[in-house]
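Down below is the structure, laid out as structure tokens.
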Amino acid sequence: MTELLIGFFSGWLTFAGILVLHLVVPARRVKGYVHKDDSSELLTYRLNGLPVLALSVVIWFVLGHSGIMPWDWLWQHRWPGALGGCVLGALVSAVLMFISPGQGKTWLADYYLGRMRNPQIFNGRTDAKMYLYVAGAALLLLNLLSFGAHHYLRYPDDPSFGVFLYVLLFTWFICDYMIFERIHLYTYDLFAERLGFKLIWGCLAWYPYFYCVGLWGVSDLPNPDAPAWLYLLATVIFFSGWLLARGSNMQKYYFKQNPQQKFLGVFEPRTISDGERHVLCSGFWGVSRHVNYLGEILMSCGLTLALGWPFTLVPWLYPLYYIVFLLPRERDDDRRCAEKYGPLWDQYRKQVPWRIVPRVY
């Protein structure tokens with residue numbers, strides 16, 4: 001019973017530790033894209049996701065190496081840990097809803113979507129959204145390492161190369177997010193979504209526990225002896241998706257910083273404009289209206305194939321989630337942009353007719 005309780009609260013303790021690290025580790029302060037409520041002043045952020053992530057891994061390594069905590073402890077307690085994350089996400093969402101004025105038509109809508117837009121605490125030292133992303137990413141990486149360690153401990157004489165590749169590619173995915181943490185201040189989550197169950201529970205439970213669903217499904221399985229070409233194909237698909245997702249987000253970021261500058265010295269910043277507002281329609285954003293979503297889906301497919309079990313169902317839940325999540329999100333963002341840009345967005349739709357996948361959708 002004691003072990004179950006410790007497992008249940010493991011995520012809570014991890015998130016508390018990450019908050020402490022975020023508060024004490026030196027950070028760079030940058031201005032974002034979002035304005036303070038009822039003000040023209042831009043919000044500022046303390047960004048230190050990468051060193052916080054690195055220190056979290058160092059602490060995990062020290063605990064494992066010293067024997068204080070088995071290398072696969074998080075795997076052993078994954079179910080109570082996931083349950084604890086779900087409960088924490090639900091509780092925090094409820095508290096924030098009740099201390100904030102209403103926004104939607106019903107309390108259920110306010111609970112799910114949230115009431116607060118961009119709360120910052122500790123005198124602006126911590127932005128709630130950015131902390132949630134760092135906390136979720138750090139626990140996800142620790143889960144990946146622990147789940148991978150479990151596989152190696154179970155099959156020390158013949159471990160699967162696919163598990164190693166999966167953890168390596170996913171680590172790249174997480175570290176890339178933290179390296180380019182500033183760019184994500186310009187993404188949909190920051191300027192469009194409120195802080196509710198969808199985002200809070202997503203970061204505290206779904207992100208750290210479901211994203212690694214591939215290892216939930218295969219860490220206990222032996223080496224599949226998959227052909228080398230499958231691992232190569234998985235890596236190519238993953239990095240093709242990464243190129244689309246990272247490239248499109250970087251292009252949009254630099255365009256908002258300097259609308260006249262060529263991206264990478266190659267992509268001319270062609271726009272649809274009415275003199276005041278501008279819609280970027282060249283480079284990545286001339287391929288499809290949400291080419292970054294295509295990149296996310298491709299990366300998830302690459303990760304799934306990297307495990308070496310292409311006909312096992314559980315790992316494919318991760319790409320399926322992206323499809324289910326991003327399709328309605330694209331529709332919502334399309335409506336929001338239509339309201340914001342009006343006729344300019346209609347012109348962009350005509351010039352770039354594909355929503356996500358060129359010539360398909």
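Just to be sure I understand the filter: pairs with C-beta atoms under 6 Å, separated by 6 or more residues or on different chains, first member in region 97-115 and of a type in the set (D, E, K, R), second member modelled with pLDDT under 90. Which pairs pass?
Short answer, once both residue conditions are applied: Asp110/Gly102; Asp110/Gln103; Asp110/Gly104; Arg115/Ser100; Arg115/Gln103.
Starting from residues that are outside any helix (DSSP H, G or I) and closer than 27 Å to Leu190 by Cα, keep the ones in region 43-68 and report whichever is most open to solvent (accessible area, probe 1.4 Å).
Thr44
Do we find a residue being of a type in the set (Asp, Glu) and within 20 Å of Leu47 (Cβ to Cβ) anywhere in region 224-245?
no
Quick check on region 338-351: of everything there that is without any contact (Cβ under 8 Å) to a residue 24 or more places away in the chain and in contact with a helix residue (DSSP H, G or I) (Cβ under 9 Å, 6 or more places away or on another chain), which residue is least open to solvent (accessible area, probe 1.4 Å)?
It comes out as Ala338.
Of (1) touching a residue at least 24 places away in the same chain (Cβ under 8 Å); (2) open to solvent by 50 Å² or more (accessible area, probe 1.4 Å); (3) among the charged types (D, E, K, R), Asp72 satisfies all except one. Which?
In the conditions (1) touching a residue at least 24 places away in the same chain (Cβ under 8 Å); (2) open to solvent by 50 Å² or more (accessible area, probe 1.4 Å); (3) among the charged types (D, E, K, R), Asp72 misses (2) alone.
Please find, among Leu4, Leu21, Leu88, the residue that is touching a Leu at 6+ places or on another chain (Cβ under 9 Å), in contact (Cβ under 8 Å) with a residue 24 or more places away in the chain and either more than 30 Å from Tyr253 (Cβ to Cβ) or surrounded by fewer than 17 Cβ atoms within 10 Å (Cβ to Cβ) (or both).
Leu88
How about region 121-155: which of its residues are under 20 Å from the mean Cα position of the chain (by Cα), of a type in the set (Ser, Thr, Tyr) and assigned to a helix (DSSP H, G or I)?
Passing the criteria: Tyr131, Tyr133, Ser146.
Please determine, by comparing only the residues of region 35-53 that are in contact with a Lys or Arg (Cβ under 8 Å, 6 or more places away or on another chain) and among the aliphatic types (A, V, I, L, M), which one is nearest to Leu145 (Cα to Cα).
Step by step, filter region 35-53, then rank; the result is Leu47.
Which residues, counting only those in region 167-187, are farther than 19 Å from Gln120 by Cα and of a type in the set (Val, Ile, Thr)?
Across region 167-187, the qualifying residues are Val167, Thr171, Ile174, Ile179.
Is region 94-108 home to any residue that is open to solvent by 30 Å² or more (accessible area, probe 1.4 Å) and closer than 22 Å to Phe9 by Cα?
yes
Checking Val92 against (1) closer than 26 Å to Arg182 by Cα; (2) over 18 Å from the mean Cα position of the chain (by Cα); (3) assigned to a loop (DSSP other than H, G, I, E, B), which single condition isn't satisfied?
(3)
In region 156-179, how many are over 12 Å from the mean Cα position of the chain (by Cα) and within 16 Å of Asn249 (Cβ to Cβ)?
2
What number of residues within region 24-42 satisfy the criterion of being buried (at least 17 other Cβ atoms within 10 Å of the Cβ) and hydrophobic (A, V, I, L, M, F, W, C)?
So the count comes out to 2.
Inspect region 224-240 for any residue being open to solvent by less than 30 Å² (accessible area, probe 1.4 Å), touching a helix residue (DSSP H, G or I) at 6+ places or on another chain (Cβ under 7 Å), part of a helix (DSSP H, G or I) and under 28 Å from Gly342 (Cα atoms) and give the result as yes or no.
Checked region 224-240: no residue is open to solvent by less than 30 Å² (accessible area, probe 1.4 Å), touching a helix residue (DSSP H, G or I) at 6+ places or on another chain (Cβ under 7 Å), part of a helix (DSSP H, G or I) and under 28 Å from Gly342 (Cα atoms).
Hey, could you check region 287-309 for residues that are open to solvent by 40 Å² or more (accessible area, probe 1.4 Å) and of a type outside the set (A, V, I, L, M) and say which is farthest from Trp345 (Cα to Cα)?
Per the criteria, the residue is Trp309.
Please note which helices (runs of 4 or more DSSP H) are completely contained in region 268-361 and include at least 2 residues that are over 30 Å from Pro224 (Cα atoms) and more than 26 Å from the chain's Cα centre (by Cα).
Hits in region 268-361: 317-341, 343-351.
Which of (1) open to solvent by 30 Å² or more (accessible area, probe 1.4 Å); (2) among the polar types (S, T, N, Q); (3) in contact with a Phe, Trp or Tyr (Cβ under 6 Å, 6 or more places away or on another chain) is the odd one out, the single condition Ser219 does not satisfy?
(1)
Would it be correct to say that Val324 is without any contact (Cβ under 8 Å) to a residue 24 or more places away in the chain and surrounded by fewer than 20 Cβ atoms within 10 Å (Cβ to Cβ)?
Considered against the rule, which asks whether it is without any contact (Cβ under 8 Å) to a residue 24 or more places away in the chain and surrounded by fewer than 20 Cβ atoms within 10 Å (Cβ to Cβ), Val324 comes out as yes.
The values are calculated or read from the model by the stated rules, or taken from the named source; none is laboratory data. Not measured: the values here are computed from a predicted model. Reconstructed Cβ throughout: ideal geometry from the backbone, glycine too, with neighbour counts over all protein chains shown. Accessible surface is based on the protein model in full, side chains and every heavy atom, while ligands, DNA and RNA are left aside. Shrake-Rupley method; radii C 1.70, N 1.55, O 1.52, S 1.80 Å.
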